[in-house]
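Trainee: One structure, pasted below without further comment.
The values are calculated or read from the model by the stated rules, or taken from the named source; none is laboratory data. Fair warning: this is a prediction, and the values are worked out from it, not measured in the lab. Quick reminder, even Gly has a Cβ in these numbers, built from the backbone with ideal geometry, and neighbours come from all protein chains shown. Accessible surface is based on the protein model in full, side chains and every heavy atom, while ligands, DNA and RNA are left aside. Shrake-Rupley method; radii C 1.70, N 1.55, O 1.52, S 1.80 Å.
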Amino acid sequence: AEAVGGDFFTIIPVTPTKAGILICDIMGHGLRAALGTAIVRGLVEELKSQADFPDVFLAALNRSMRAILRNIDEPLLVTACYLVVSSESEEVLLASAGHPLPLRIHRGTGAVTPLGTRRSAHGPALALFDDASYGMETIHFSAEEMVLLFTDGVTEMSDENGHEIGLERFMTATGKFAALDAQQMCERVLDEIQLEAGGAAFEDDVCLLAVERRGADRQPGA
């Protein structure tokens with residue numbers, strides 16, 4: 001049961017030049033979380049036709065989950081963040097369902113800030129309310145930047161003193177490796193967090209997903 005969990009991501013082809021990027025964190029561990037993952041994955045396949053706009057997509061996903069889980073006594077809590085990126089525009093569309101906001105990482109300076117604002121982009125977690133609505137933001141995303149989506153298992157990890165790593169230390173770690181390519185950065189960030197934890201294994205599921213725009217001198221992101 002410890003080998004399966006509820007963190008996952010998927011890439012949705014929206015058009016030949018647009019892609020939807022979904023990351024989810026399903027409450028709990030083991031078979032229940034894995035079942036929730038299977039439900040969400042199936043619904044994502046059914047709802048691909050509504051994947052153009054994050055606010056519309058998350059609202060449709062929420063309604064479908066509520067219809068399936070309406071008669072289940074124990075709630076299934078799912079947080080999600082959904083982006084739509086385009087190869088033809090330096091803009092990203094963002095909506096969040098109770099999920100931590102992605103990070104915007106500047107390659108040259110190592111500056112790291114949240115992507116979007118909680119006030120306009122955050123809606124409730126999925127499967128909680130029948131008619132939940134979600135705000136959407138349009139944000140500039142240049143070739144000098146990378147967007148990092150993550151689940152809270154990485155920020156809720158405990159250090160050697162028993163203190164939570166937290167968002168600030170996680171942001172510091174990502175900025176430290178901002179010049180690396182996407183895959184290397186993710187690997188080094190996880191190594192850094194585990195180093196602060198004294199080499200301990202992660203206490204919760206962890207998922208990192210880096211998105212970068214392809215430039216003339218840079219390979220595609222991982």
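Trainee: For the stretch 100-159, how many residues are in a strand (DSSP E or B) and not small (Gly, Ala, Ser)? If you could, list the steps in order and put the result at the bottom.
Mentor: Keep residues of the stretch 100-159 that are in a strand (DSSP E or B), which gives 103-106, 112-114, 122-123, 126, 137-140, 145-150, 158.
Then drop every residue that is not not small (Gly, Ala, Ser), which leaves 103-106, 112-114, 122, 126, 137-140, 145-150.
Adding up the residues that qualify gives 19.
Trainee: Could you please let me know if ALA59 is touching a strand residue (DSSP E or B) at 6+ places or on another chain (Cβ under 9 Å), on the phi < 0 side of the Ramachandran plot and in a helix (DSSP H, G or I)?
Mentor: yes
Trainee: How about the stretch 191-205: which of its residues are open to solvent by less than 50 Å² (accessible area, probe 1.4 Å) and touching a helix residue (DSSP H, G or I) at 6+ places or on another chain (Cβ under 9 Å)?
Mentor: Matches in the stretch 191-205: GLU192, ILE193, ALA200, ASP205.
Trainee: Related question: Please give the number of the condition GLU160 fails out of (1) over 27 Å from THR37 (Cβ atoms); (2) at pLDDT 90 or above; (3) among the acidic types (Asp, Glu).
Mentor: So the condition that GLU160 fails would be (2).
Trainee: Quick one: ALA67 ticks every box in (1) hydrophobic (A, V, I, L, M, F, W, C); (2) surrounded by fewer than 17 Cβ atoms within 10 Å (Cβ to Cβ); (3) within 21 Å of ASP181 (Cβ to Cβ); (4) at pLDDT below 95 bar one, so which box is it?
Mentor: Failed condition: (3).
Trainee: Being at pLDDT 80 or above and touching a Lys or Arg at 6+ places or on another chain (Cβ under 8 Å) narrows it down to one of ASP191, ASP181, so name that one.
Mentor: The conditions single out ASP181.
Trainee: Also, quick follow-up: Of everything in the stretch 127-165 that's among the aliphatic types (A, V, I, L, M) and more than 14 Å from the chain's Cα centre (by Cα), which residue is nearest to VAL85 (Cα to Cα)?
Mentor: Keep residues of the stretch 127-165 that are among the aliphatic types (A, V, I, L, M), which gives 127-128, 132, 136, 139, 143, 146-149, 154, 157, 165.
Right, trim to more than 14 Å from the chain's Cα centre (by Cα) and you get 127-128, 132, 136, 139, 143, 157, 165.
Numbers: ALA127: 25, LEU128: 27, ALA132: 24, MET136: 13, ILE139: 10, ALA143: 12, MET157: 30, ILE165: 30 Å.
Going through the qualifying residues, I end up with ILE139.
Trainee: Still on this structure: Specify the residue that is nearest to the chain's Cα centre (by Cα); the eligible residues are those in the stretch 70-90 that are open to solvent by 50 Å² or more (accessible area, probe 1.4 Å) and hydrophobic (A, V, I, L, M, F, W, C).
Mentor: By that ranking, first place goes to LEU77.
Trainee: Please verify whether the stretch 153-162 includes one or more residues that are farther than 30 Å from ALA59 by Cα and of a type in the set (Asp, Glu).
Mentor: Yes, that holds for at least one residue.
Trainee: Checking ILE105 against (1) touching a strand residue (DSSP E or B) at 6+ places or on another chain (Cβ under 9 Å); (2) more than 21 Å from GLU156 (Cα to Cα); (3) modelled with pLDDT of 95 or more: exactly one of these is not met. Which one?
Mentor: Status for ILE105: all satisfied but (2).
Trainee: Would you call MET146 surrounded by 18 or more Cβ atoms within 10 Å (Cβ to Cβ) and closer than 21 Å to ILE26 by Cα?
Mentor: no
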